[in-house]
Amino acid sequence: MSDKKASNAMWGGRFASGPAAIMEAINASISFDKKLYAQDIAGSIAHSEMLAEQGIISAADQKQIAHGLNTILSEIESGTFEFSTRLEDIHMNVEARLAELIGPAAGRLHTARSRNDQVAVDFRLWVKAEALRTAEALKKLIAAFLDKAEEHSETVMPGFTHMQTAQPVTFGHHAMAYVEMFSRDLSRVRDAIERMDESPLGAAALAGTGFPIDRHMTAKALGFREPTRNSLDSVSDRDFALEFLSLAAICATHLSRLAEEIVIWSTPQFGFVRLSDSYSTGSSIMPQKKNPDAAELIRAKTGRVNGHLIGLLTVMKGLPLTYSKDMQEDKEAVFDAAETLELMLAAMAGMVTDMSINAEAMKRAAGSGYATATDLADWLVREAGLPFREAHHVTGKAVALAEARKIGLEELPLAELQKLNAAITADVYSVLTVEKSVQSRTSFGGTAPEQVKKQVAYWRERLAKA
């Protein structure tokens, strides 16, 4: 076997043509970074306008450049543009096509710019736009929960700890817990946008440039608050991508927790909610089944988003300043996580909006498991003056007695309760029903219907300003 054939056999498979094919395959990013085409073209137009304004290139060249770039934008959006892996990335693909369209003037576009600051600005623009879309999707989901909370501010359900019935709450209150969660997610998105709202364009390869550029002009043209302040950090920073993945992972975790509850609640054993046909599927063999597939897929996709965060953290953890080719691995993770989260949020908003609540099943479950035991203990403290630990002990005996008789606490005769503690009066029955229990929880942020309605009003006002 010749050395060439031996070499090809070693490379093997798809790379039979040898090292050059492997290098092209591992080096090229156009298969995924072509998603940045609009940002790349916008950045290039802004850069060319600044160069002309500063007298670095002529107005005539800038006009040709802008016309050519807009032509390329139209070609890409119409699907007639031919991307080439030989040209590695979106930047070189656009630049090569620009040279075909306008000739030598295209070569002036890269003055005072490097692919390092070019990709940094493109990627920031994309992540910022995606973060804004995420914010809007979160607002829709929060609005869906506010509607459900308002509608069911008095619908009683069991509250759980350790997945055991703990105390009665309202479904409206439970829904408002997710409003709080997703509002924190929204806050994180807004904070991340604030931090990433700086333009790295003009940092060049790593040290800035000797040309008299105006970075404030390009930052403003691209919708950034201001330019970044250190050229080394500008080209090597991927915190904006990590932060987006981080907030996406936290949000996905919240969605997964909710999805888990929906899966449980929609079982015949619970029957708390019924999902619409739009977000369920049937069984291929069991005609009675209605599977919560959308919720299950949301739960599963959380692992995908979390994995992308860990992946990029691992890529970045050992990189010295400034740019390294390792950073090419940043985009696929963020692109996929962003699209996955967007789908998860849309599916969950649809599920929450469409699902129907079985108030009767919730009320039955709320009364099981002696959920009003704490109300009895609180009554003994408040009305009979018992120390809480003693009240807890008396209540435990009452629960044991009710369990032995297979009845609810509210069904125990007064005489039996008074044997446990003589201070108990008939007034105790006013707190032993689930409705009275939730009505009594009037502390700020509590489950009482009046408190739920106050929180709904508060968050509607906050959401209108978000």
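The values are calculated or read from the model by the stated rules, or taken from the named source; none is laboratory data. Here the structure is a predicted model, which means the values were calculated and not measured. Using ideal geometry, Cβ is built from the backbone for each residue, glycine included, and neighbour counts are taken over all protein chains shown. Quick note on the areas: whole protein, heavy atoms, side chains included, nothing else; ligands and nucleic acids left out. Shrake-Rupley method; radii C 1.70, N 1.55, O 1.52, S 1.80 Å.
Yes/no matrix, rows are residues, columns are (1) open to solvent by 20 Å² or more (accessible area, probe 1.4 Å); (2) over 26 Å from A337 (Cβ atoms); (3) over 24 Å from the mean Cα position of the chain (by Cα); (4) among the small types (G, A, S):
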{"position": "G223", "(1), (2), (3), (4)": "yes, no, no, yes"}
{"position": "V235", "(1), (2), (3), (4)": "no, no, yes, no"}
{"position": "T253", "(1), (2), (3), (4)": "yes, no, no, no"}
{"position": "A259", "(1), (2), (3), (4)": "no, no, no, yes"}
{"position": "Q269", "(1), (2), (3), (4)": "yes, yes, yes, no"}
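If you check V235, V263, which single one turns out to be in contact with a helix residue (DSSP H, G or I) (Cβ under 6 Å, 6 or more places away or on another chain), over 27 Å from L141 (Cβ atoms) and not in a loop (DSSP other than H, G, I, E, B)?
V235
Condition (residue is among the small types (G, A, S), loosely packed, with under 15 Cβ neighbours inside 10 Å and over 26 Å from G311 (Cα atoms)) applied to segment 360-377: is it met by at least one residue?
Taking every residue of segment 360-377 in turn, at least one turns out to be among the small types (G, A, S), loosely packed, with under 15 Cβ neighbours inside 10 Å and over 26 Å from G311 (Cα atoms).
If you check every pair at least six apart or on different chains, which have Cβ atoms under 8 Å apart with a residue in segment 57-71 that is in contact (Cβ under 8 Å) with a residue 12 or more places away in the chain and polar (S, T, N, Q) first and a residue that is open to solvent by 70 Å² or more (accessible area, probe 1.4 Å) and in a helix (DSSP H, G or I) second?
Q62/E49
For the structure I just gave you, tell me whether K325 is closer than 30 Å to V119 by Cβ, exposed (fewer than 15 other Cβ atoms within 10 Å of the Cβ) and modelled with pLDDT under 95.
Working: closer than 30 Å to V119 by Cβ: yes; exposed (fewer than 15 other Cβ atoms within 10 Å of the Cβ): yes; modelled with pLDDT under 95: yes.
In short, yes.
In this structure, does L380 turn out to be assigned by the TED database to the domain that holds A204 and at negative phi? Don't jump to the end; show me each part of the working.
Working: assigned by the TED database to the domain that holds A204: no; at negative phi: yes.
Here the answer is no, as L380 does not meet what is asked.
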